[in-house]
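Please read the structure below before turning to the comments.
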Amino acid sequence: MIHVLFLPTLASAFAILIASWVERRFSSFSFYSMSVASTVIAWTIIRVNYDIRIILAICLLPIFASVLFFNKKRVWTVCLMQMIGYVIVLCDPAYRLYLSSFDMVSIPAFLIVGTYVAQLIVTSGVEVLDDLQASMLAKQDLIVRNAIMSKQSKTDGLTNLYNQSSFKDYYEKAFEYANNGMSLHLALIDIDNFKSINDTYGHRVGDTILERVSLVIQENITSSDIAARYGGEEFALLMFEQPFEQAYALVEQIRKKIARLVHLELEGQYITVSVGLKSYSAHLSKDKLFEEVDACLYAAKRTGKNKTMTSLDLV
């Protein structure tokens, strides 16, 4: 009972406790502590049951367990531990007498062959992991490229605002929400005398002006608002979930900030914008709402520019 049950169980339990302690205190050495513990357990079982020939296969378990780390050096390290365990057990005269000359040679050969097979598994596993990693990287790259292409297809390359096509999609969806009770305000913003800027200073300066105006719009709208370059020097703005007075104050803030910008490219001249603004109402279709906002913008242009006109001003 002592030599067959108690002492082997005590040795195995002690090895497990030591391995657990090392794993908690020195996690970087956990592989080695677990490998030593598994070696102690394997050869303790073999020593107790050496009369069972097949029991030697247990010493392969630590070797094949090391395959999970996908590291060839670790596989051979565990193999070396099994060899040391074999030599230690071989010091027992009773066990040594039980073995034939062929057994003494075949056991190390058995360990080496098993380790070689484990190494082949590691090699194949590493190749599979490399292929999976390459596939994942390719997939991630494709996702990023698709995201970039999707964004490029929706935004204006110069101003980074939504383009006209995207705005129409958002406008149609916003109108559906408005029909279900959500507040919606539409504003059209147009740069005054922009053609003369292009004719006098060139299109490169005109592009710079467009970028600055779009930046002011982006800096002043809320995260729920949608701004787009509708075409040329005209911008469209959708505003949600706010009263008309707040929407009016927002576009007026944008207009005034643009009017205060200094443009060295224009030799110190200022630029202004005109704005048309109208809120959604149940009797209007989306096309009619857009036409009425456009009419407000035209009225602002016709009556002096650099102002915000609403449907209330047209009455």
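Among all residue pairs at least 6 apart or on different chains, which show Cβ distances below 6 Å where the first residue, located in region 229-253, is within 15 Å of Lys278 (Cα to Cα) and the second is in a loop (DSSP other than H, G, I, E, B) and open to solvent by less than 20 Å² (accessible area, probe 1.4 Å)?
Met239/Asp225
Taking region 48-68 on its own, how many of its residues are without any contact (Cβ under 8 Å) to a residue 40 or more places away in the chain and either touching a Lys or Arg at 6+ places or on another chain (Cβ under 7 Å) or outside any loop (DSSP other than H, G, I, E, B) (or both)?
Count: 9.
So in region 179-202, with the set limited to residues that are acidic (Asp, Glu) and more than 42 Å from the chain's Cα centre (by Cα), which one is farthest from Leu284 (Cα to Cα)?
In this case the residue turns out to be Asp199.
Looking only at region 217-253, which residues are in a strand (DSSP E or B) and surrounded by 15 or more Cβ atoms within 10 Å (Cβ to Cβ)?
Listed by number, the residues that qualify are Ile226, Ala227, Ala228, Arg229, Tyr230, Glu234, Phe235, Ala236, Leu237, Leu238, Met239, Phe240.
Would you confirm whether or not region 189-206 contains a residue that is open to solvent by less than 10 Å² (accessible area, probe 1.4 Å) and part of a strand (DSSP E or B)?
For region 189-206, residues open to solvent by less than 10 Å² (accessible area, probe 1.4 Å) and part of a strand (DSSP E or B): present.
When you check Ile45 against the structure, is it free of Cβ contacts under 8 Å to residues at least 24 places away in the same chain, within 29 Å of Pro93 (Cβ to Cβ) and surrounded by 15 or more Cβ atoms within 10 Å (Cβ to Cβ), yes or no?
The answer is no for Ile45.
Among the listed residues Lys256, Lys286, Lys305, which satisfies the condition of being among the charged types (D, E, K, R), farther than 23 Å from Phe175 by Cα, in contact (Cβ under 8 Å) with a residue 12 or more places away in the chain and open to solvent by 30 Å² or more (accessible area, probe 1.4 Å)?
Lys305
How many residues does region 74-89 hold that are open to solvent by less than 80 Å² (accessible area, probe 1.4 Å) and either at pLDDT below 85 or closer than 25 Å to Ser28 by Cβ (or both)?
Counting residues in region 74-89 that are open to solvent by less than 80 Å² (accessible area, probe 1.4 Å) and either at pLDDT below 85 or closer than 25 Å to Ser28 by Cβ (or both) gives 9.
Scanning region 17-31 for residues that are within 20 Å of Cys59 (Cβ to Cβ) and modelled with pLDDT under 85, which turns out farthest from the chain's Cα centre (by Cα)?
Ala19
For region 90-116, how many residues are exposed (fewer than 13 other Cβ atoms within 10 Å of the Cβ) and of a type in the set (Gly, Ala, Ser)?
4
Taking region 259-278, which residues are outside any helix (DSSP H, G or I) and open to solvent by less than 30 Å² (accessible area, probe 1.4 Å)?
Of everything in region 259-278, those that are outside any helix (DSSP H, G or I) and open to solvent by less than 30 Å² (accessible area, probe 1.4 Å) turn out to be His263, Ile271, Val273, Ser274, Val275, Gly276, Leu277, Lys278.
The values are calculated or read from the model by the stated rules, or taken from the named source; none is laboratory data. As the structure is a prediction and not an experimental result, all values here were calculated from the model. Quick reminder, even Gly has a Cβ in these numbers, built from the backbone with ideal geometry, and neighbours come from all protein chains shown. SASA here: full protein model, heavy atoms, side chains in, ligands and nucleic acids out. Shrake-Rupley method; radii C 1.70, N 1.55, O 1.52, S 1.80 Å.
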